[in-house]
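One structure below.
The values are calculated or read from the model by the stated rules, or taken from the named source; none is laboratory data. Just so it is clear, the structure is predicted and the values come from calculations on it, not from any experiment. Note that we place each Cβ from the backbone using ideal geometry, even for glycine, and neighbour counts take in every protein chain shown. Side chains are part of the model used for accessible areas, which takes the heavy atoms of the whole protein and leaves out ligands, DNA and RNA. Shrake-Rupley method; radii C 1.70, N 1.55, O 1.52, S 1.80 Å.
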Amino acid sequence: MFIQTETTPNPATLKFLPGKVVMESGNADFRSADDAIVSPLATRLFAVPGVEGVMFGYDFVAVTKGDPEWQHLKPAILGAIMEHFMSGAPVMAGEAPQVEDDSGEEFFDAGDETIVATIKELLDTRVRPAVAQDGGDITFRGYREGTVFLNMRGACSGCPSSTATLKHGVQNLLHHFVPEVEHVEAV
(Lines give C-alpha, C1' and ligand atoms only; values in the text may rest on other atoms or scores of the structure.)
Protein backbone atom coordinates (compact mmCIF):
# COMPACT_ATOMS: atom_id res chain seq x y z
CA MET A 1 0.00 0.00 0.00
CA PHE A 2 1.36 3.40 -1.01
CA ILE A 3 0.14 6.45 0.90
CA GLN A 4 0.83 9.87 -0.58
CA THR A 5 1.12 13.00 1.53
CA GLU A 6 0.32 16.58 0.62
CA THR A 7 1.02 19.75 2.50
CA THR A 8 -1.86 22.10 3.29
CA PRO A 9 -1.87 25.86 3.78
CA ASN A 10 -1.93 25.09 7.52
CA PRO A 11 1.63 24.06 8.50
CA ALA A 12 0.24 22.10 11.46
CA THR A 13 -1.90 19.88 9.18
CA LEU A 14 -0.76 17.29 6.66
CA LYS A 15 -3.05 15.48 4.23
CA PHE A 16 -2.59 11.71 3.78
CA LEU A 17 -3.99 10.03 0.65
CA PRO A 18 -4.26 6.25 1.12
CA GLY A 19 -5.47 5.61 -2.45
CA LYS A 20 -8.77 4.29 -1.09
CA VAL A 21 -12.12 5.77 -0.20
CA VAL A 22 -11.96 6.91 3.42
CA MET A 23 -15.51 8.29 3.86
CA GLU A 24 -18.13 7.31 1.29
CA SER A 25 -20.07 10.52 1.95
CA GLY A 26 -19.58 13.59 4.10
CA ASN A 27 -16.66 13.93 6.45
CA ALA A 28 -15.75 13.42 10.09
CA ASP A 29 -13.72 15.78 12.25
CA PHE A 30 -12.19 14.67 15.55
CA ARG A 31 -10.61 17.17 17.94
CA SER A 32 -9.76 14.76 20.75
CA ALA A 33 -9.16 11.09 21.50
CA ASP A 34 -12.49 11.07 23.37
CA ASP A 35 -14.33 12.03 20.14
CA ALA A 36 -12.41 9.35 18.24
CA ILE A 37 -13.94 6.36 20.03
CA VAL A 38 -16.43 5.96 17.16
CA SER A 39 -13.59 5.45 14.69
CA PRO A 40 -10.96 2.71 14.90
CA LEU A 41 -8.74 4.68 12.50
CA ALA A 42 -9.02 7.96 14.42
CA THR A 43 -8.36 6.10 17.69
CA ARG A 44 -5.22 4.59 16.18
CA LEU A 45 -4.04 8.00 14.97
CA PHE A 46 -4.65 9.70 18.33
CA ALA A 47 -2.45 6.99 19.90
CA VAL A 48 0.48 8.64 18.08
CA PRO A 49 1.96 11.19 20.52
CA GLY A 50 1.59 14.71 19.13
CA VAL A 51 -1.58 14.14 17.07
CA GLU A 52 -4.16 16.77 18.05
CA GLY A 53 -6.78 16.49 15.30
CA VAL A 54 -7.98 14.08 12.62
CA MET A 55 -10.39 14.73 9.75
CA PHE A 56 -11.63 12.21 7.21
CA GLY A 57 -12.76 13.26 3.74
CA TYR A 58 -13.78 11.20 0.73
CA ASP A 59 -10.25 10.07 -0.14
CA PHE A 60 -8.03 11.65 2.49
CA VAL A 61 -7.07 11.75 6.15
CA ALA A 62 -5.97 15.18 7.40
CA VAL A 63 -3.90 15.07 10.58
CA THR A 64 -3.18 18.11 12.74
CA LYS A 65 -0.14 18.01 14.99
CA GLY A 66 0.93 19.74 18.17
CA ASP A 67 4.57 20.58 18.92
CA PRO A 68 6.49 17.65 17.38
CA GLU A 69 7.98 18.12 13.93
CA TRP A 70 6.49 16.30 10.93
CA GLN A 71 9.72 14.40 10.35
CA HIS A 72 9.17 12.64 13.68
CA LEU A 73 5.40 12.16 13.38
CA LYS A 74 4.96 11.28 9.73
CA PRO A 75 6.41 7.70 9.87
CA ALA A 76 4.19 6.76 12.83
CA ILE A 77 1.09 8.25 11.17
CA LEU A 78 1.83 6.49 7.87
CA GLY A 79 2.26 3.24 9.79
CA ALA A 80 -1.02 3.69 11.67
CA ILE A 81 -2.96 4.40 8.47
CA MET A 82 -1.37 1.47 6.65
CA GLU A 83 -1.99 -0.94 9.56
CA HIS A 84 -5.60 0.17 9.73
CA PHE A 85 -6.37 -0.36 6.04
CA MET A 86 -4.46 -3.67 5.97
CA SER A 87 -6.49 -4.93 8.96
CA GLY A 88 -9.78 -4.53 7.10
CA ALA A 89 -11.36 -2.71 10.06
CA PRO A 90 -13.98 -0.07 9.25
CA VAL A 91 -13.01 3.60 9.31
CA MET A 92 -16.13 4.37 11.36
CA ALA A 93 -17.67 2.00 13.89
CA GLY A 94 -20.29 4.54 14.96
CA GLU A 95 -21.60 7.97 14.09
CA ALA A 96 -19.18 10.90 13.92
CA PRO A 97 -19.53 13.44 16.71
CA GLN A 98 -21.22 16.72 15.91
CA VAL A 99 -18.63 19.46 16.30
CA GLU A 100 -20.50 22.33 14.72
CA ASP A 101 -21.33 23.92 18.09
CA ASP A 102 -23.54 23.21 21.07
CA SER A 103 -26.82 23.21 19.15
CA GLY A 104 -25.66 22.43 15.61
CA GLU A 105 -28.67 24.37 14.30
CA GLU A 106 -28.50 26.90 11.49
CA PHE A 107 -29.82 30.37 12.10
CA PHE A 108 -31.29 32.91 9.70
CA ASP A 109 -34.47 34.93 9.35
CA ALA A 110 -37.36 33.30 7.48
CA GLY A 111 -37.35 36.17 4.98
CA ASP A 112 -33.77 35.34 4.00
CA GLU A 113 -34.48 31.78 2.80
CA THR A 114 -33.73 32.59 -0.86
CA ILE A 115 -30.44 34.29 0.02
CA VAL A 116 -29.44 31.38 2.28
CA ALA A 117 -30.28 28.82 -0.42
CA THR A 118 -28.03 30.66 -2.89
CA ILE A 119 -25.22 30.93 -0.30
CA LYS A 120 -25.41 27.20 0.45
CA GLU A 121 -25.36 26.30 -3.23
CA LEU A 122 -22.27 28.48 -3.83
CA LEU A 123 -20.53 26.97 -0.80
CA ASP A 124 -21.31 23.41 -1.91
CA THR A 125 -20.40 23.86 -5.58
CA ARG A 126 -17.52 26.34 -5.51
CA VAL A 127 -15.99 26.67 -2.05
CA ARG A 128 -16.11 23.25 -0.37
CA PRO A 129 -14.47 21.32 -3.24
CA ALA A 130 -11.54 23.76 -3.27
CA VAL A 131 -11.17 23.69 0.51
CA ALA A 132 -11.34 19.87 0.55
CA GLN A 133 -8.29 19.80 -1.71
CA ASP A 134 -6.43 21.46 1.16
CA GLY A 135 -7.69 18.92 3.70
CA GLY A 136 -10.45 21.01 5.23
CA ASP A 137 -14.12 21.82 5.11
CA ILE A 138 -16.30 24.91 5.43
CA THR A 139 -19.98 24.60 6.27
CA PHE A 140 -22.80 27.10 6.56
CA ARG A 141 -23.77 28.02 10.11
CA GLY A 142 -25.98 31.09 9.74
CA TYR A 143 -26.83 34.41 8.12
CA ARG A 144 -27.82 37.63 9.83
CA GLU A 145 -27.91 41.25 8.63
CA GLY A 146 -25.50 40.78 5.71
CA THR A 147 -23.04 38.54 7.59
CA VAL A 148 -22.52 34.87 6.74
CA PHE A 149 -21.28 32.67 9.59
CA LEU A 150 -19.27 29.58 8.64
CA ASN A 151 -17.70 26.62 10.46
CA MET A 152 -14.13 25.81 9.48
CA ARG A 153 -12.88 22.27 10.08
CA GLY A 154 -9.90 20.08 9.40
CA ALA A 155 -6.90 21.92 7.98
CA CYS A 156 -8.95 25.14 7.85
CA SER A 157 -9.40 25.23 11.61
CA GLY A 158 -6.52 27.28 12.99
CA CYS A 159 -4.90 27.82 9.60
CA PRO A 160 -2.89 31.04 9.37
CA SER A 161 -4.29 31.74 5.89
CA SER A 162 -7.92 31.01 6.82
CA THR A 163 -8.67 34.70 7.43
CA ALA A 164 -7.42 35.55 3.94
CA THR A 165 -9.42 32.65 2.49
CA LEU A 166 -12.58 33.90 4.18
CA LYS A 167 -12.15 37.60 3.52
CA HIS A 168 -10.64 37.63 0.05
CA GLY A 169 -11.93 34.38 -1.36
CA VAL A 170 -15.25 33.34 0.12
CA GLN A 171 -16.52 36.83 0.99
CA ASN A 172 -15.74 38.22 -2.47
CA LEU A 173 -17.31 35.20 -4.21
CA LEU A 174 -20.48 35.35 -2.14
CA HIS A 175 -20.79 39.14 -2.49
CA HIS A 176 -20.37 38.85 -6.26
CA PHE A 177 -23.31 36.45 -6.58
CA VAL A 178 -25.31 37.65 -3.55
CA PRO A 179 -24.86 41.43 -3.15
CA GLU A 180 -26.63 41.29 0.23
CA VAL A 181 -23.59 39.48 1.68
CA GLU A 182 -21.31 42.10 3.21
CA HIS A 183 -19.16 40.03 5.60
CA VAL A 184 -18.09 36.46 6.28
CA GLU A 185 -17.13 35.31 9.77
CA ALA A 186 -15.83 32.03 11.18
CA VAL A 187 -17.60 30.63 14.25
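Figures for the structure shown
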quantity: Theoretical FRET efficiency, 1/(1+(r/R0)^6), r = Cβ-Cβ of residue 34 and residue 89, R0 25 Å, to 0.05; calculated: 0.80
quantity: Solvent exposure of the chain as accessible area per residue, Å², 1.4 Å probe; calculated: 51
quantity: By average C-beta atoms within 10 angstrom, highest first, the peptides 106-117, 33-44; calculated: 33-44, 106-117
quantity: FRET E, pair residue 182, residue 114, Förster distance 22 Å, beta-carbon r, rounded to 0.05; calculated: 0.85
quantity: Order by protection proxy (mean Cβ within 10 Å, highest first), peptides 13-23, 128-138, 66-76; calculated: 128-138, 13-23, 66-76
quantity: Cβ-placed point charges (K, R +1; D, E -1), dipole of the chain about Cα centre in debye, nearest 20; calculated: 820
quantity: Pairwise Lys count, the chain - Cα closer than 21 Å, eight or more residues apart or different chains; calculated: 5
quantity: Reciprocal mean inverse distance between Cα atoms of the chain - Kirkwood radius, Å; calculated: 17.2
quantity: Cα-based convex hull, region 17-77, per residue volume (Å³, whole number); calculated: 75
quantity: Among 173-181, 55-63, the order from most to least packed when residues are scored by Cβ within 10 Å on average; calculated: 55-63, 173-181
quantity: Residues residue 167 and residue 59, FRET efficiency given R0 of 35 Å [Cβ-Cβ distance, rounded to 0.05]; calculated: 0.75
